[in-house]
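For reference, the structure is listed below as structure tokens.
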Ligand code: SF4
């Protein structure tokens, strides 16, 4: 099922001329467009790179462009800025925040740390730059197990996502994770009852879940993985039917790229409204007017950047991570 947004329905000629204008402006400004896979399909179409948080962070770290247009949520644009302090990073619509990232402030983190002295803090990339600055190392859902395993301490603080935190804890039982109580409202919208209904409706469907789901949900899945791992798993699998427990943008991307497979999701559709703000028009005005240039407080910049570079130091030596993304439309690594 393809979702259309009323204010986005245009005829094909309008869409095509808007896309042409985006590409012309991007060339004129030596800009690279990075688009998260949860974005609207037309915003994915105009991107240089489409991927999940890790893939886009890596693309941001490698780019030679002078301007980065980030069609994702605010923390992703901040991450791109932390990796490219001298470049202009534009977020086409500033409303694109992440409710999970907003569930923890620096004061919350300091208070939480006080309860577990000596435990290093692993922060999920879905966090603000100021929370990153107060943490020891960053992770994504693709590399969280690898990052936590790399720490010498037995006790580790994990913020802010409890779904992913519990998933990591189960993969590394020799560690003791202190998991903050944040969550993704979109993934938590999926309930065990809905999964059960899908299981009955599609008895031969393979159930695939993102670890941001409630643990009661991902425990029902046949495969649990990050966005890129889900994409790779489904595209490489010989199975023909998949029930995806993740944000709808990933579902529509896979439906488009893998027409030979029946790819379905739960109802009501798990849509993250924050990921749908960017439109072709807002990308055009960002490029034309240099709108929404991301800035980071110089007082926290170095510490926040350090948590991200530490993550790369741990993960970049692993070839599985290096070669993980195989989306056919835009190959990132
Ligand atoms: S899907 Fe969840 S984690 Fe991702 S941006 Fe939306 S609220 Fe944040």
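Some observations on this one:
- R0 of 35 Å, Cβ-Cβ distance residue 316-residue 216: FRET efficiency to nearest 0.05: 0.50
- Within the listed set 12, 262, 303, the residue fluctuating most in the Gaussian network model of the chain (springs between alpha-carbon atoms under 10 angstrom) is 12.
- A convex hull fitted around the alpha carbon atoms of segment 111-220 yields 104 Å³ per residue.
- Gained length - residue 193 relative to residue 102, 0.36 nm times residue gap less alpha-carbon distance: 30.0 nm
- With contacts taken as Cα pairs under 8 Å at a separation of at least 6 residues, the chain carries a relative contact order of 23 percent.
- Ranked by how many other beta carbons lie within 10 Å on average, peptides 188-201, 242-255 from highest: 242-255, 188-201
- Ratio of the Cα radius of gyration of segment 19-86 to 2.2 N^0.38 Å, where N counts its residues: 1.01
- Note on segment 42-154: percent of Cα-Cα distances in each 5 Å bin, starting at 0 and stopping at the bin with the largest distance, equals 2, 11, 19, 22, 19, 13, 7, 4, 1, 0.
- Part-to-part distance (alpha-carbon centres) for segment 91-122 and segment 239-304, which is given in Å: 21 Å
- A crude spin-label estimate for the pair residue 116 and residue 62, with each label 7 Å from Cα along the Cβ direction, gives 3.3 nm.
- Label sites at residue 201 and residue 235, each approximated as a point 7 angstrom past Cα along Cα to Cβ, lie 2.7 nm apart.
- Compactness check for the chain: Cα Rg over 2.2 N^0.38 Å is 0.97.
- Annotation: Cα Rg of segment 187-271 relative to the compact-globule expectation 2.2 N^0.38 Å equals 0.95.
Read-outs: derived from the displayed coordinates by stated rules, not from any lab. Everything quoted here is computed from the prediction, not taken from an experiment. All Cβ positions, even for glycine, are placed from backbone atoms using ideal geometry, and neighbour counts span all protein chains on display.
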